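The values are calculated or read from the model by the stated rules, or taken from the named source; none is laboratory data. Note that the structure is predicted; figures quoted are calculated from it, not measured. Positions of Cβ are backbone-derived with ideal geometry, glycine not excepted, and every protein chain shown enters the neighbour counts.
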Amino acid sequence: MIALRRFLRTPEAVAGALILAALLAMALSAPWFFPRDPQSIAGPALLRPFQDWTLPLGTDRLGRDVMAGLFHGARASLAVGLAAAAGAILIGAVVGTLAGFAGGLLDEILMRITDAFQTVPGFLLALAFVSVAGPSLATVIVAITLGAWTGPARIARAEVLSIRERDYVAGARVIGMHPLEIAFREILPNALPPVLALSSVIVAAAILTEAALSFLGLGDPNRVTWGGMIAEGRAVLRSAPYLSIIPGVALVLTVLGVYLAGEGLVETSATRRMNA
Amino acid sequence: MSDFAISRRGVLAGSTFLLASTALPAALRAQTPTNGGRLIAAADSEPRNLNPAIIASNGVFFVASKIVEPLAEASFTGKDGLEPRLATSWEGSADGLTVTFKLREGVTWHDGKPFTSADVAFSALQVWKPLQNLGRVVFKDLEAVDTPDDHTAIFRFARPTPFQLIRNALPALTSVVPKHLYEVSEIADNPANTAPVGTGPFKFAEHRPGEYYRLEKYDAYWGEDQPRLDEIIYRVLPDRAAAAGALEAEEIHLAAFSAVPLADLERISKVPGIGVISKGYETLTYQLVVEINHRRKELADRKVRQAIAHAIDKEFVVKTIFLGYATASTGPVPRNDVQFYSSDVPTYAFDVAKANALLDEAGYKRGEGGTRFALKLLPAPYFNETKQFGDYLRQALAEIGIDAELVNNDAAAHQKAVYTDHTFDLAIAPPVFRGDPAISTTILVQSGIPDGVPFSNQGGYANPELDALIAKAAETLDPDQRIALYVDFQKMVAEDLPLINVAEWGFITVARSSVKEVSNNPRWAVSNWADTWIEG
Amino acid sequence: MNRALRLIRRRLIGSIAVLLIVITGTFLLLEAAPGDAVDAYVVSVGGDASMIEELRRRWGLDQSAATRFAVYISSLARLDLGHSVAFSRPNLDVILERLPDTLLLMGSATALSFCLGTFLGIVAGSRPGSFRDRFLSIGSLALYAVPGFWLGLVLIVIFSVQLRWLQLGGIETIASGKTGAPRALDIARHLVLPVASLGFIYLALYLRMMRVGMAEVWRMDFVLAARARGIGRRRIVLRHVARNALLPLVTMLGLQSAAMLGGSVVIESVFSVPGLGRLAQEAVAARDTPLLLGIILVSAVLVIAVNLAVDLLYAGLDPRVGSSGEAA
């Protein structure tokens, strides 16, 4: 309760949370408000916003409803962001825990692999991966995950190294728990909080990376994404700027919301820990 | 013909500004051309191999056609649509076994050596016939080239070859390269492929990868008082949005091949000092085609193919995707081809109800969720419009209960999926019509083509009747008879729909109005620009 | 000095393992790609079955993947990066031609984001919670949330097309014949917009790190002591707080070098800068495996070198860091 009150006292965090709530509402309500395929042709092409109240935000080059695209795009952006972050944290946590707990050769091998992934520019890796595997939502998520798991892995390993020698771990050893059980049941849960603190950064970066990939023509063609909408609107950037500004603003707000809310959470939990 | 007229009007409306600058040039032509100056053009791709004798493609021609010349060039006014370049006259024998070229005298290569019939013989036998993508088909029966003197070349064919076909092939297929440079080492690895040497009005100066190509005036060019320009620079602008900005900022003078997106043309045509020109691509007509994999049981059924044809609103495609800068197709030969086009073919009006009825008739009833069957749709990645048509076609197919999944590949993966592995159901391709159906059009429906050949029939379609017709036309010498056979060809393709022709388009050039003599021949962007000049 | 040498040696040995993993991974990735260099080539030029077969033979693509990999590794051991199929030139030449532009772009963008970010971070962090602190940190976050390509496109429209203050792309005026100082100035003018687009994105990172770091240092004993001694606020900020908060930023500099290289791919394509990022894109499109391997290798070496330099710098700044302290 105290934490919640503290969270609510930071205006930035509240703003972030509100943005995220709105985004979630958009994503969940999309099929209800816009049951048709958002890529279907709904009206005349290049209708400007606020002209026709059945198409409040206008239409794009082919006459697709921008408002419907915005709502359905929220689903894709959220899906990419959350799935990539979940994947990155899961892989990172497992690799980091194994490396930190096992030590020795396994640690060396895992950390060299982590180094290798960190050495290759993440976006370049994503670009090559999607070009090779073909653009679909799943490959985009995998591509982003590939470049994002190294941060969580390092932090998890560092945490595990410090937890490894604590009393309760020694206790678990004494009662004869299997080392893997110790690693994943005793150590990992305690190493997780600082790793989770990275999640907002990863979600935000994932949403931006998806947009950049779509911009280069590597988005899923069967789905509306904000990045894809921006890329579509780019050809008419000068004559119909609203087509890239509307999804662009949505994208910026979302990324900002994720950051602010994430930061608020981290700060609240940090102060809580300090007080405890 | 009605939608043709509409779209033409659309084209003209889009280029009213241009009408003032080039289409009605009488008043302006009185203006005396000035010599000198540097023309900067946008290039969106960067071919490494600039030898047009080996790679007869527009990306290569765009740069190389200023350096290496063909025997003849396409023309709006010349006889048979041609005007002389390295050949001054050409004549075919009645038996179709020889073609005699008289060559221009006093022409020199950029390294100063004289141009002779030996160069033509070498190019034809060592390059066009064995190595060139298009020449392998057209010159397959070329046996020998006699050179009785330095300025006569006589092509001898093993089997009768229609002179009409050879004539139509002259602009694109007959770039002449210097024998003395190519005979000393292997042709495919010759340094002149990346730094070409020709007889054209401009010499190759340098290529800075990722930045530009630079061509310089060739002072000893044979054309009188040509070239006008001192220098041509092709500035590499890989980003599609960049060309329009660069034109407005006066950093470039010219963007050909629709480098400025169609959707931006209306706006940019209103910018003072910039003209939008839709002329100059008449013999390089691109066709928007739905390729069909006939190995798929449903698609092997003609009724299903007809249903798909009825489901496509060609007028929407022309108006919305091409913004009027295209024409709806009726068959495999574009309407703007005066020699071969026939409108006497079965047509497929946009009619969703009929399409649904045809599918019901074929036995593909709507299942749960209203879907009859699902298929994979692969739009070619080369043009914005092919991708946009993919988005549209997916929606159009949904209306008739076909659930199409779009698969976007990059160029290499698309080539592999469609033309080698055949892992597609429908694909969208932009083949080029090059003035004669035998050059690059019949190959789209003919059977027996090995796997891996791009822009060919890889859909497993085999129609012995159509194959026989194609074979007969290939050896028919009389031009009128030949045309009649190709009229039948168009009828048969439109009837059986081995593929669906949706629309055909030429490109758009956007140029600063200070550039003169733009688009003055039907393949201007890939011609030699010897008479082009810049004001002031 | 001895410690530095040990650090370098350890790093070099580790780097070789890392590079081997990178090379193998890249090779496998491109091997799994649908379509090879010949497919990519044939798309642009057309051709028939015999020509396609001939090309595969000529480019060595008819051999097994294992053979090609072995050949590549053994030539690499002789420091030979091989031959590009798409450019038909040695890979090293192609890469070295593009490297300077990318280094210039990345270096300038890093300098911009680091210096400006640190400065604004000090401004923000010197009075935590104040209006200017909030304004700066939210403003920089908003910039961070803007996709780089979008920022680039908007900057082009404003500064190159409308105002015509700056060139809209390229690295220098084409075939201008300029040399020396005028040429440097010309390149600098061309670089303003791409550097701004790339640098502003990462600005927030340094600003916020600096600010957080300063907030922590403020609470430390020696600062409290200094404040108690009545030393002026400005002096405390600069001499004690900022100085100590700067250390983690230096580490960040190394970690970000890979990200910058990735970010420059998009920026190079928006601004038509003929750099390494665009070359990598071309190499993927052309399925030019040896070239892409070369690019990844060169950029990996670059990243490793930057990180080593940063570590050495760090070791110089902070005596607590020993050779054992840099386990991860």
**Prompt:** Out of B:Ala300, B:Ala220, B:Ala188, which single residue is surrounded by fewer than 24 Cβ atoms within 10 Å (Cβ to Cβ) and at pLDDT below 90?
**Reply:** B:Ala188
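Can you name the residue in the range B:205-215 that is over 12 Å from B:Asp230 (Cβ atoms) and either small (Gly, Ala, Ser) or under 24 Å from the mean Cα position of the chain (by Cα) (or both) and, of all such residues, is nearest to the other protein chains (Cβ to nearest Cβ)?
Ranking the candidates gives B:Gly210 first.
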**Request:** For the range B:394-416, name all the residues that are away from chain C (no Cβ under 12 Å), crowded, with 21+ Cβ neighbours inside 10 Å and touching a Phe, Trp or Tyr at 6+ places or on another chain (Cβ under 9 Å).
**Result:** B:Ala396, B:Gly401, B:Ile402
**Message:** Give me the residue from the range B:417-447 that is among the charged types (D, E, K, R) and closer than 25 Å to B:Trp505 by Cα and, out of that set, nearest to the other protein chains (Cβ to nearest Cβ).
**Reply:** B:Arg434
**Item:** Residue among A:Leu192, A:Leu180, A:Leu161, A:Leu198 that is in contact (Cβ under 8 Å) with a residue 60 or more places away in the chain and farther than 23 Å from A:Gly262 by Cα
**Value:** A:Leu161
**Prompt:** When you go through (1) closer than 25 Å to B:Asn521 by Cα; (2) within 14 Å of chain C (Cβ to nearest Cβ); (3) among the hydrophobic types (A, V, I, L, M, F, W, C); (4) in contact with a helix residue (DSSP H, G or I) (Cβ under 9 Å, 6 or more places away or on another chain) one by one for B:Ile277, which number turns out not to apply?
**Reply:** (2)
**Fill in**
Listed by range, helices (runs of 4 or more DSSP H) wholly within the range B:401-495 having at least 2 residues that are closer than 20 Å to C:Tyr41 by Cα are B:411-414
**the range C:19-39, subset among the hydrophobic types (A, V, I, L, M, F, W, C) and out of contact with any Leu (no Cβ under 8 Å at 6 or more places or on another chain), residue farthest from the other protein chains (Cβ to nearest Cβ)** = C:Leu28
**Message:** Can you say whether C:Arg127 is out of contact with any His (no Cβ under 9 Å at 6 or more places or on another chain), of a type in the set (Lys, Arg) and free of Cβ contacts under 8 Å to residues at least 24 places away in the same chain, as far as the supplied structure shows?
**Reply:** yes
**Prompt:** Would you say B:Asp344 is away from chain A (no Cβ under 14 Å), modelled with pLDDT under 95, over 20 Å from the mean Cα position of the chain (by Cα) and at negative phi?
**Reply:** yes
**Item:** Candidates A:Ala170, A:Ala235, A:Ala206, filtered to the one that is away from chain C (no Cβ under 14 Å) and out of contact with any Phe, Trp or Tyr (no Cβ under 9 Å at 6 or more places or on another chain)
**Value:** A:Ala170
**Item:** Contacts under 7 angstrom Cβ, first residue in the range A:213-236 being farther than 14 Å from B:Gly390 by Cα, partner of a type in the set (D, E, K, R) and modelled with pLDDT under 85, 6 or more apart
**Value:** A:Ala235/B:Arg240; A:Val236/A:Arg61
**Request:** Could you give me the residue pairs with C-beta distances under 8 Å whose first residue belongs to the range A:131-145 and is over 14 Å from C:Arg287 (Cβ atoms), whose second residue is of a type in the set (Lys, Arg) wherever it lies, and which are 6+ apart or on separate chains?
**Result:** A:Leu137/A:Arg223
**Message:** Can you find, within the range B:361-393, the residue that is farthest from B:Pro431 (Cα to Cα) among those that are more than 9 Å from chain A (Cβ to nearest Cβ) and under 21 Å from the mean Cα position of the chain (by Cα)?
**Reply:** B:Phe389
**Message:** Looking only at helices (runs of 4 or more DSSP H) that lie completely in the range C:119-237, which have at least 3 residues being surrounded by 15 or more Cβ atoms within 10 Å (Cβ to Cβ)?
**Reply:** C:131-145, C:148-155, C:180-218
**Item:** Where B:Tyr419 falls short, out of the listed (1) crowded, with 18+ Cβ neighbours inside 10 Å; (2) touching a Lys or Arg at 6+ places or on another chain (Cβ under 9 Å)
**Value:** (2)
**Of the criteria (1) away from chain A (no Cβ under 14 Å); (2) closer than 30 Å to A:Arg9 by Cβ; (3) out of contact with any Gly (no Cβ under 8 Å at 6 or more places or on another chain); (4) small (Gly, Ala, Ser), which one C:Ala65 fails** = (2)
**Request:** Restricting attention to the range B:346-364, report how many residues are crowded, with 18+ Cβ neighbours inside 10 Å and closer than 18 Å to B:Asn501 by Cβ.
**Result:** 2
**Prompt:** Among the residues of the range B:499-509, is there at least one that is β-branched (Val, Ile, Thr), in contact with a Ser or Thr (Cβ under 8 Å, 6 or more places away or on another chain) and assigned to a loop (DSSP other than H, G, I, E, B)?
**Reply:** yes
**Message:** If a residue must be part of a loop (DSSP other than H, G, I, E, B), at the interface with chain B (Cβ under 7 Å from one of its Cβ atoms) and closer than 17 Å to C:Gly148 by Cα, how many such residues does the range C:264-283 contain?
**Reply:** 1
**Request:** Return yes or no: is B:Lys365 modelled with pLDDT under 95, of a type in the set (Lys, Arg), out of contact with any Pro (no Cβ under 9 Å at 6 or more places or on another chain) and farther than 15 Å from B:Ala494 by Cα?
**Result:** yes
**Fill in**
Filtering helices (runs of 4 or more DSSP H) wholly in the range C:8-84 for at least 1 residues that are surrounded by fewer than 16 Cβ atoms within 10 Å (Cβ to Cβ) gives C:49-58, C:65-77
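Kindly provide the set of residues from the range C:284-297 that are in a helix (DSSP H, G or I) and surrounded by 21 or more Cβ atoms within 10 Å (Cβ to Cβ), ordered by number.
Quick first cut of the range C:284-297, residues in a helix (DSSP H, G or I) only: C:284-285, C:289-297.
Within the range C:284-297, C:Val284, C:Thr289, C:Pro290, C:Leu291, C:Leu292, C:Leu293, C:Gly294, C:Ile295, C:Ile296 meet the criteria.
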**Item:** Subset of the range B:179-194 that is β-branched (Val, Ile, Thr) and in contact with a Leu (Cβ under 9 Å, 6 or more places away or on another chain) - its residue that is nearest to C:Phe87 (Cα to Cα)
**Value:** B:Thr194
**Request:** Within the range A:198-209, identify whether any single residue is of a type outside the set (Lys, Arg) and not in a helix (DSSP H, G or I), and answer yes or no.
**Result:** yes
**Prompt:** Take the residues of the range B:280-296 that are part of a loop (DSSP other than H, G, I, E, B) and not charged (D, E, K, R): which is nearest to the other protein chains (Cβ to nearest Cβ)?
**Reply:** B:Leu284
**Which listed residue is facing chain C (nearest Cβ under 10 Å) and either touching a Pro at 6+ places or on another chain (Cβ under 8 Å) or of a type in the set (Ser, Thr, Tyr) (or both), from A:Thr114, A:Thr59, A:Thr97** = A:Thr114
**Residue match in the range B:395-406 (condition: of a type in the set (S, T, N, Q) and either in contact with a helix residue (DSSP H, G or I) (Cβ under 8 Å, 6 or more places away or on another chain) or over 18 Å from A:Val224 (Cα atoms) (or both))** = no
